[in-house]
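As structure tokens, the structure follows; a few thoughts come after it.
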Amino acid sequence: MAASVVLERSFTELSAAEREVRRNFRELTLHPDVSPVIGGPKYSESSGGYYYRESSTLLSATRNRFLYWTSNANTLELVEESLDVNLLNNALRLRILNCSILPGGVHVCETQSNVIILIVTNQTVHRLVLPHPSRLYRSEVIAENQVQSIFTDVGKMNYSDPANSYVIPPLPGRSQSSTATAAWLSNEGETLFAFPSNSGGILVVKMPQYGVTGTVTTVELKQMSVRRLLTGFIPTAIRGDQDPAHLPVSLAVHCLENDAFIFALCQDHKLRLWSYKDQTCLMESDMLEFVPTSKEMRQIPGTGHKLRLAHSSSIGLYLGVYLHAPKQGQFCVFQLVSADNNRYSLDHVSSIFSNQETLLDFMFTLTTTDIWALWLDEEKQTIVKHINFEQNAGRLQDLSWEEMKKEVTAVVENDLHSQMTDYEMDLDEFRDLQVESWSKFYTCCLQYQDELSRPLALMVHPYSSMVCLLRKGFLSFLAPCSLMDHLYLLPAKHLLTEDESVISDDVDLASDTIYLMQCLRMIGDSITIDMAYMIERACCRQEPPEKVAEQVLEELIANDVENLMEDINNKLQDIRNPLSAIANLLREMDYETSMEMDQTVEPSQPLNVRMNLANLYGSTTAAGIVCQAVCKISLTRFMICRALLLLEQHLLRMGDMAFAGENQLLQLQLEHIPRTVNMLLSYYVIRWSSQCVASAIPLDTLDSNLQHLSVLELSDSKTCTPVNKYTSGPQTIVELFFQDVARKRLSQIFARYGAAQTPSPLSWTQLITDITIYLLQHLWPGNPDFLFPQCLMRSCQYTQLQEYVCLLQPWCQVSAGSCLFMLGQCYLVTGEGHKALDCFSKAANEVEREDFLEKLIHVEEEDSACSARLQYYNKVLRLLEGAGLPELVIDLATLALTEAADDLKSQATLRTRIFKYYLDLGHNSQAYDALTLIPDHSRQLDCLRQLVIILCERSQLQDLVNFPYVNLQSEVVNIIEARARAVDLMTHNYYELLYAFHIHRHNYRKAGTVMFEYGMRLGREVRTLVGLQKQVNAYLACLNCLRLIRPEYAWIVQPAPGAVCERSGTSPKRNHEGESVPIPSGCQVEILELRDLEKEYILSHSRLTMAKHNNAAAVTVNASAEDMVPLLVQAGLFDAAISLCQTFKLSFIPVFEGLAYKCITLQNGSDATQADGWKWLAENQQSSVVTTKESSATDEAWRLLTFYLEKYPSQNLQYHRCVIDKLLSHGIPLPSWLSIIYKKEDAAQLLRLYLKYDLLAEAAELVLEYVDAVMGKGHENFGIEVREDNRNVHVIQTYIYITCL
């Protein structure tokens, strides 16, 4: 495990300036009543900062929260920053017109209710009163990820009030030659400003308490021209005002209970202490007494001196003084000691000398007894020195510029087009122009970067040891380096003087490590850009780094003109045990751990503690800092590993002569080099991850992705759902991981060390070190923790995830199966399904061996009997189903069947899936084959039902009918019958499908039964013309089926009542409330023979004919045969009526009466009646049709009547009688042909009819004709056979008959 040693004197700069977006400053302008100073001094740009008093307290609303600012001319830019939450409206730009803000003229004071910003300009002083952060929120615990800043309501306040602004009076006025200022709050809440006056004293301006009415007062602190001494008086020759040499150049204030001590470091190199209450000088101390060579300094004013204070309730007040000299500066630390009679003295603690670099700022703390100094050397490079004034030792760290990422393509193109004067240009000339444009822009960027990187000030937290470097364009944090990084980055001259006890308790090992680091630095400095590129290319292109390192080493040796290898060999001779030093180095840089990285927070912790810990380092600023620390560590470690690999290759070339022990060369080759290669690749991957920018994903895409991944059931795992919505700019995937996953478990660090339960303040150096190590452990490829790829998957960063896995696959065997799974998921999202299936299949070999894959197979207890691999396949199958890839589901399910040889339940599940997706793809034959192999009969029936329904909906009935259905025919029939009886007859025609199914298998009687039931239901449920047509066709199909079998088998069973719906449009198996209707028990079975079916067919056909004629299907649909005959007759459908009467053995009399009436109507009707007659006559068939012009509808009607009377004879000519009766009742004389026919059969009945209708003439004529016939005249017309011997008898009988009439 990598060391967590915090070296107090080795720090690196962390800044998020690369991706920092432009702040949206809120504008505020003050208009003091002053005029601009003409010809006054120009003040330099300045910066500063303020940590809230409780910013290092865990349970505080201001934890990890601070202010910083930059001032230039009349503009002050204030920013409030937090490492725990994202602050809204946190930037304020204040302009004070006609004034210049003094360098160091901004001070911050804090009360329980307010944050007060005090500003000193060259002509005015100002007070900004803002609400304290603890007053902005309802509770002490801030549970949100973004909150309002103290600047949110700044626009609502009136800062132009005279109570908050004051113009410095011209007398005594402010000294223009000094920028020293101080400001503080008294115990009564009054605001005080201190600055040098024109007379060389200290002018103090006092404002009344905020919100209290009062006036602003001033007082000047200065020494009198005559001072009483024990021995007399000062000569009057030197009597006068204070000399300008006594002008303060640096001021500091220490507040007491009822007083304030003002410390003034003056140009005469003296430090003076003033009591504001008593307005007296309590101490005067000459600083040159602590300078070894003070003669030269006495000749020049101390304009570059600086003064800082630090107070501790336990050890008192300390003063830090920087004495500036032309050749060498000096830091002095003093402790203020109280003497008698309210007098004080300084106790000298330490002096530290510096070089000729320019000091910009310095701070010192008592908690760690450190001095932090910000310098600028002759080359304008920033240098921060971190010095312990008790040990009087220091280290320095050069801080490199942070590259700025800019979108410059459009700018360069515009510049390029502006320089193109010709429409046509040679390609080489165009390229030269491109290079020129890019070079010009790059130069501008460097100049801009140089200006923004100019250091201005330091911020040092007195308790947490947080150090911030304030540059002109951004804010940086200083974080401690680890041991090996410190040794590698340290200049050679400092490395030789390094304390070996810090490295190791083993003196020899510590010495060997230092010499090893010297060798690595020498190799690292000699690596060219091309060599570095070769090694990096090997890391990203899956080439063996050790082979490439061997080539690079050969190139180094071939180009060694400075005897590099000889120097390295000399250093190696100083190393007693190279392998031990190498092993120690690798051990210190290795983050692989076998321990559980995440521990459960103790439930005994209070709720507010747990909530505060959950929000620790939750801001985007903190994420950028932590992840940049990871990036810098990985970069440094990569360089160390790269140099170490080259050195190991060199040791191999040297052979046994490089080692003192036996088998050490073999150990180097088999153990250390592979481990170095592994570590080199690990740090390369981490560095790549910390620089890889995450893609911006829309929220709806994120939601869709999470829904797709929900089938993996990882919601209870440690991987969190992406919730980071507050980033204002691009972020890397490591930042994304830190904010969404790792940061939420920072409480584990406190649970491990118990820091959350201690009252001590949070330590920045310890926290940033522990958090960085914790994050590196989660990112380390060799650890089984797999949260980082899971986070990328859940955050929809599939392009980055795919590249990440590709970087790991060739060499990292830890979580290899999980990486394959992730790669498969990437392919799945990018549409490369077959590649995804290949990865998923390969990952199955690692199930139960890796934590992530083991999480996938956690199932309910009822599924625990399945093997682990089968459970894994089930999860992947759900993924493929969610992605809509049926072909891949089939392939994977087929593969999974090999794992379920003895598991019938799993086989049934898998084959059901195969069937389903074959069916979805339209591969009906394969679906049927899969169905037949399902071992579970209930599942098989479900699939069979689905097959029937789907194929019916697709109208693929031929396939459905042709399948053999071995041992499943009865089930198929039951399914189709159930569907046929359950669905609407006009929507899905399952009866016709069942009919075809039986016909295909030559089961004609069942086919007939199906169609008869279909016809019955149509008649009762579908009261439409279409329904009647279908009913007729159904009955006809039923008849055809029964006629195809032998007569003795030509019968069917009447369908059960439950199969027929009694209510139109409803299910036959449900009542009005949707409940099942029980089928009556004990019903007799009714057998229907062919003649019964013919009756139904004829009746339904008659209904159809009638419905077509008058479009009244609803009236005729349920009419019986007796009801249909009058309807048909009335419509003139006499053929249909006669056919119906014949089938049901009904009387023809209604038919003949109706036809007779039609004839009467036509005979007496108009032309319209004649036209209508032709229509119904056309519906009836006649033996012959007369088409002459003389033929009329009336004639055709009489001919039809004649035809029917001849075709359908009746006993005693009752049909003729009914026709005669109908004609006579309407007063129509009988046609001769009718009377001739009837009087020959029954003259007596004809006579009665004549008499019935009072046709006496016709009756008399009939009697006479009959008498004559009896007498032998025309006897053949009456069917009488007359003989001579019986003539008289017939005559007598005739008379008797007539008498009876």
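List of remarks:
- Subset of region 40-74 (residues that are in a loop (DSSP other than H, G, I, E, B) and among the hydroxyl-bearing types (Ser, Thr, Tyr)): 43, 44, 52, 55, 56, 57, 60, 62
- You will find that of 552, 548, the residue that is of a type in the set (Val, Ile, Thr), touching a residue at least 24 places away in the same chain (Cβ under 8 Å) and crowded, with 19+ Cβ neighbours inside 10 Å is 552 and no other.
- Contact map, region 908-923: first residue surrounded by fewer than 22 Cβ atoms within 10 Å (Cβ to Cβ), second residue hydroxyl-bearing (Ser, Thr, Tyr), Cβ cut-off under 9 Å, separation 6 or more or different chains; pairs are 908/938; 923/917.
- Of everything in region 1085-1109 that is exposed (fewer than 13 other Cβ atoms within 10 Å of the Cβ) and of a type outside the set (D, E, K, R), the residue that is modelled with the lowest pLDDT is 1085.
- A Cβ distance below 7 Å, combined with a sequence gap of six or more or placement on separate chains, defines the contacts here; from region 447-464, residues that are in contact (Cβ under 8 Å) with a residue 40 or more places away in the chain and open to solvent by less than 30 Å² (accessible area, probe 1.4 Å) reach residues that are part of a helix (DSSP H, G or I) and of a type outside the set (D, E, K, R) in the pairs 461/764; 464/764.
- Matching residues, region 573-583, being outside any loop (DSSP other than H, G, I, E, B) and buried (at least 19 other Cβ atoms within 10 Å of the Cβ): 578, 579, 581, 582
- Restricting attention to region 479-505, the residues being modelled with pLDDT of 85 or more and either more than 26 Å from residue 768 (Cα to Cα) or touching a strand residue (DSSP E or B) at 6+ places or on another chain (Cβ under 6 Å) (or both) number 3.
- Residue within region 1157-1167 that is crowded, with 21+ Cβ neighbours inside 10 Å and under 20 Å from residue 1104 (Cα atoms) present: no
- Per the conditions (1) surrounded by 22 or more Cβ atoms within 10 Å (Cβ to Cβ); (2) charged (D, E, K, R); (3) out of contact with any Pro (no Cβ under 8 Å at 6 or more places or on another chain), the sole criterion not satisfied by residue 471 is (3).
- Members of region 349-370 that are assigned to a strand (DSSP E or B) and either more than 21 Å from residue 385 (Cβ to Cβ) or of a type in the set (A, V, I, L, M, F, W, C) (or both): 349, 352, 353, 359, 360, 362, 363, 364
- Boolean, residue 385 is modelled with pLDDT of 80 or more and surrounded by 13 or more Cβ atoms within 10 Å (Cβ to Cβ): yes
- Filtered residue count, region 314-334, keeping only those that are out of contact with any Asp or Glu (no Cβ under 9 Å at 6 or more places or on another chain) and either without any contact (Cβ under 8 Å) to a residue 60 or more places away in the chain or open to solvent by less than 10 Å² (accessible area, probe 1.4 Å) (or both): 14
- Single residue of region 281-301 satisfying the filter (within 22 Å of residue 336 (Cα to Cα) and part of a loop (DSSP other than H, G, I, E, B)) that is least open to solvent (accessible area, probe 1.4 Å): 291
- Pairing each residue of region 188-211 that is over 19 Å from residue 258 (Cα atoms) and in contact (Cβ under 8 Å) with a residue 24 or more places away in the chain with any residue that is assigned to a strand (DSSP E or B) and acidic (Asp, Glu), provided the two are 6+ apart or on different chains, yields C-beta distances under 8 Å for 197/220; 199/220; 201/220; 202/220; 203/220.
- Unmet criterion (only one of (1) within 17 Å of residue 1052 (Cβ to Cβ); (2) of a type outside the set (Val, Ile, Thr); (3) modelled with pLDDT of 90 or more; (4) open to solvent by 20 Å² or more (accessible area, probe 1.4 Å)) for residue 977: (3)
- Residue match in region 335-350 (condition: among the aromatic types (Phe, Trp, Tyr), open to solvent by 10 Å² or more (accessible area, probe 1.4 Å), farther than 25 Å from residue 49 by Cβ and in contact (Cβ under 8 Å) with a residue 12 or more places away in the chain): yes
- Members of region 94-119 that are closer than 19 Å to residue 161 by Cα and open to solvent by 20 Å² or more (accessible area, probe 1.4 Å): 95, 97, 98, 114
- The residue that is surrounded by the fewest Cβ atoms within 10 Å (Cβ to Cβ), counting only those in region 351-364 that are in contact with a strand residue (DSSP E or B) (Cβ under 9 Å, 6 or more places away or on another chain) and polar (S, T, N, Q), is 355.
- Unique residue being open to solvent by 30 Å² or more (accessible area, probe 1.4 Å), at pLDDT 90 or above and either farther than 12 Å from residue 100 by Cβ or basic (Lys, Arg) (or both) when the list is 29, 70, 57: 29
The values are calculated or read from the model by the stated rules, or taken from the named source; none is laboratory data. All values reported here derive from a predicted model rather than from experimental measurement. So basically every Cβ, Gly included, is an ideal-geometry build from the backbone, and we count neighbours across all protein chains shown. These accessible areas exclude ligands, DNA and RNA; they are computed on the full protein's heavy atoms, side chains included. Shrake-Rupley method; radii C 1.70, N 1.55, O 1.52, S 1.80 Å.
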